[in-house]
1. Angle check, please: helix 108-126 long axis (alpha carbons) against the longest principal axis of the chain (alpha carbons), in degrees 0 to 90, nearest 10.
2. Could you run the Debye sum over the Cα atoms of segment 22-143, one equal point scatterer each and no solvent, and tell me log10 of I(q)/I(0) at q = 0.17 Å⁻¹, two decimals?
3. Taking +1 at the Cβ of each Lys and Arg and -1 at the Cβ of each Asp and Glu, which of Phe48, His102, Ala22 sits farthest along the dipole of the chain towards its positive end, judged by Cα position relative to the Cα centre?
4. Using a basic spin-label model with each label point 7 Å from the Cα along Cα→Cβ, how many nm lie between Arg104 and Asp11?
5. Compute the angle between helix 42-52 and the longest alpha-carbon principal axis of the chain, please, reported from 0 to 90 degrees and rounded to the nearest 10.
6. Looking at segment 3-143, how many pairs of lysines come closer than 16 Å at the Cα, when each pair is eight or more places apart or spans two chains?
7. Quick check on the chain: helices-only [θ] at 222 nm, where DSSP H runs of length 4 and up contribute -39,500 (n - 2.57) each and the sum goes over total residues. Nearest 500, please.
8. Tell me the angle of helix 93-104 to the major Cα principal axis of the chain, expressed in degrees between 0 and 90 and rounded to the nearest ten.
Amino acid sequence: MNARKFFTEKDQLAIKDAIIQAEKDTSGEIRVHVENNFKGDVLDQAAFIFKKLKMHKTEQRNGVLFYFAIENRQFAIIGDAGIHAKVPEGFWDLIKENMTEHFRNNRFAEGLVEGIKLAGEKLTEYFPYLENDTNELPDEISFGK
């Protein structure tokens, strides 16, 4: 399986548009990374990719990564230190549950779009959009091996 070909162009555009829409109401920064597979723990791999993508370099430390490994059929949502300093325990649970339901039915793009939308709504509470906000991270999906 080739990560770059997993989502159609239409799916990729829908995911990018979901990120753009979510970021209109929050200063949080959202990224999606898709790769074929990984070895080890999914959260460790997501944290590695988070750092590799330099997501920890945002001004408010409010980046969120949706990590998805196709062959492993695993995903993770991780947020930076600024988010974890403000949000309650289990902040990501509802989003994960919603995405898992879509993924079980092989609706991967829809699951990501819904997850991104929900993350944007939740982040708005803690990181509202700022008038001078700049888009610090790319909105396109990043792909790994």
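Quick note: the coordinates plus some simple rules give every number you see, no bench work behind them. Predicted model only: the values in this text are computed from it and were never measured. Backbone-built Cβ (ideal geometry, glycine too); neighbour counts: all protein chains shown.
1. Tilt relative to the chain: about 20 degrees.
2. Those come out to -0.82, one per q.
3. Phe48
4. Calculated label separation equals 2.0 nm.
5. Between the helix axis and the principal axis of the chain, the angle is about 60 degrees.
6. Numbers: Lys5/Lys16; Lys16/Lys24; Lys16/Lys117; Lys24/Lys117; Lys24/Lys122; Lys86/Lys122; Lys96/Lys117; Lys96/Lys122.
Counting lysine pairs in segment 3-143 gives 8.
7. Details: 6 runs with 65 residues, N = 145.
It comes out at -13500 deg cm²/dmol, rounded to the nearest 500.
8. That works out to roughly 20 degrees.
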